[in-house]
Structures are given as structure tokens and as C-alpha cells.
1. Calculated FRET efficiency, D321 and L193, Cβ-Cβ r, R0 25 Å, to nearest 0.05?
2. Across 5 Å bins from 0, what is the distribution of all Cα-Cα pair distances for region 47-155, in whole percents?
3. Quick one: check the C-alpha center-to-center distance for region 171-233 versus region 282-331, whole angstrom.
4. Mind checking the log10 I(q)/I(0) for region 202-333 at q = 0.21 Å⁻¹? Debye, one equal scatterer per Cα, no solvent, two decimals.
5. What is the projected area of the convex hull of the Cα atoms of the chain, averaged over all directions, in nm²?
6. Helix 245-256 versus the longest principal axis of the chain: what is the Cα-based angle in degrees, 0 to 90, to the nearest 10?
7. For the residue pair R138 and Q231, what label-to-label distance in nm results when each label sits 7 Å from Cα along the Cα-to-beta-carbon direction?
8. Provide the per residue accessible area, probe 1.4 Å, for region 187-345, rounded to a whole number of square angstrom.
Amino acid sequence: MKDCAKGVVLVVDDVETNRVILGEIIESMGCKVVLAENGVEALEKVREELPHLVLTDISMPEMDGYELCRVLKANAETRAIPIIFISAFDNPKDIVKGFDLGGGDYITKPFIPELVQARVNVHLSLYEATVGIREANRRLQVSVNEQLRQMEQERKNVLYALAGVAAENSWHSNDYIERMKYNCRILAQSLQLSPLFEDQISDNFVETVGFAAPLCDIGNIGIPKEILQKQSALSQEEWEQMQGHTRIGTQLLEDLQVTNDYNDFIQISEDITHFHHENWDGSGYPEGRKGNEIPLAAQIVAMSSMFCALTEERSYRPGYDREKALEIMQREAQQKFNPHIFGIFCKIARQLR
């Protein structure tokens, strides 16, 4: 039977005569037959070559057929292999027990060649179909994942483009976004080495914070340019309008969360966009959060953002050097920053851009 030409069938029986008879019947179908005397030897054979079908006796020394079935069905690699129980007994309880353990069929001795061949052919065909469906599902999942990855990248590209416009409107330099990504990643990596933060920061968190950091002020896209670039003090009305950029940015990111799936990049970006102007002492905005109520990603970005802003050149002043920027940040550190994070920030300052 050509359906079985490539099938590997494992026959497990402690009686040599039974193994030989079954082997000859199945080999005549064009299948490859592997023989084992008991469950223990059968598992060794399975490790050497994965069968497409197992025919196993029930009563055997060392490991019986039921236990062999239990072991195979507990392993993800062998779970899908169909199992046919063979026995001289046809007690309904034995049959039911075999099905409960995951067996797919049951044949009794003495063997009727045509019946054995029919059962073997059916289960090999079912196994082939199962494997085919599993492979089709795998390919579909790969395709879906790739499409989702492309959609995610397209969304990121749109966000970075908007963030670039927002940065330009705010008089940030052309390399501001890259500096933000780099400095936030360096700071997050350094915090990962601290016992205070190691449980909160994974490698994925480090990378995601780096990618999400430049979006902190993306809401500036909705703030008038004359307010963003105003060199004199803002009026109360202008200041309130300026503060609205956290809400605008967060809403923009929420609109991109098109599914209910948890998305690290969008979630961390929202934390950063919404909370990066909160202060450690609770004097910030938009919610007046304080201490560790402020998401860690937002704390990292707030510190890096201030450093990048101080060290870049503006139309109305030159950029401060590293030492001067840290001195200015130190004056506001108790108000603005987590003291532990700022301490680490100062230690790694020479690595920052």
C-alpha cells in the first residue's frame, strides 16, 4: 500500500513470535518496522528514530503498554504518534483504559492480517494528516507573525517620523533622537546591574526603553510651534497648553493599540509619553505622581532627556559640556529624580552622548 511507503511502525511485544508475525504483516505494506521487547526498549528505539505509529502489547515486563503510552503522550515530541494496543484479552475495561490514556485503537490476538493492515493504514493516514495540518498551522503562524512584525515596524516608522517633526519643532538637533535612544539604553543597562533594579529590568526592557524613549515628546506634534520655540517665559495659558502634549502623545499611542494583545513597545511608550514630566517629589505633571508611583521607564527617560537637552546647542545658547550639565541637574536632583538612579547616572556620565 503506497500510503505507508514511508511509514515507520514500532512494534512492541515481549513475545518474539508476535513481533515477527506483526513485522511481516506490516512490512508487506511497504512500511519500515522497528521491533522492541518492552516499553523500556521501545523508548530507546523512539529516541533513535521517531515512529509514525506504535503497536504495543499491554502485558510486558519492566514497562507495560499502558505506561509506555502514558510516557509517549506526556512528551510534546511524541504526543501526536498514534498508539494501537494489542492483547490476547478483549476485556472492555482494558480497552477503555487504553483509550483514556490516549490510545487510538485496539486489536486482539490472534492477528488477522487484513484487519491489522487496515488499522495500520488508517492510523498512518491520520498521522500524516495531523502532521500536515500542524505544518500548515506552523507556516500560517510564521506568515501571521511576519505580517504583524511588518505592521509593528510600519507603526514605529510613523511614530519616529512624527517624533522627528515634534523634535524639530522644539528646536532639538538632528541627532537628538539617536542620542536619546542610546543614552536611555546605557542607563537601563547600568540599572540592570544594580540589586535595586535587577528584578525590574530584563534585556527586553532595556531594548524596548531604548526604542521607545524618542517618543517621549511626540505629543508636541499637537502644540503650536510658536509656543514650542518661544524664548521668553510662557503665559499660564500657554503653559497649560504645553503640558497637554503628554495627553496628546498618549492618545496617539493608544490609537495605535489596535488589538487587545499586550504590546511591550506601545505600553512602555505610553508610560514614557504620559509620565516623563512627573517629578520624584510629586511636583510634576500631568498626575502629580511621586516616588516609585512613576513608571521606571519614564524615570529613565526624564533623566536622559534633560541631559540631552542641556548638552545640545540651541539657537539662543551653546550646548553645555557634560560637567556643567550634571551640575545643573544636581541642583534639581532632589526634586526631579530618583536619587539611586541619579547616582548611577552620574557614574556612567562619561559613556553618554
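1. Details: r = 27 Å, r/R0 = 1.06.
According to the calculation, E is roughly 0.40.
2. Percent of pairs per bin, in order: 2, 11, 17, 19, 16, 10, 7, 5, 5, 4, 3, 2, 1, 0.
3. Cα centroid to Cα centroid, the span is 10 Å.
4. Per q value, in the given order, log10 I(q)/I(0) is -1.43.
5. Averaged projected area of the chain's Cα convex hull equals 25.2 nm².
6. The helix 245-256 is inclined about 20 degrees to the chain.
7. Inter-label distance under the simple model: 6.5 nm.
8. Accessible area per residue: 49 Å².
The values are calculated or read from the model by the stated rules, or taken from the named source; none is laboratory data. Nothing here was measured: the structure is a model prediction, and the numbers come from that model. Virtual Cβ from ideal backbone geometry, glycine too; neighbours counted across all protein chains shown. Remember, those area values only see protein heavy atoms, side chains included, never the ligands or the DNA or RNA. Shrake-Rupley method; radii C 1.70, N 1.55, O 1.52, S 1.80 Å.
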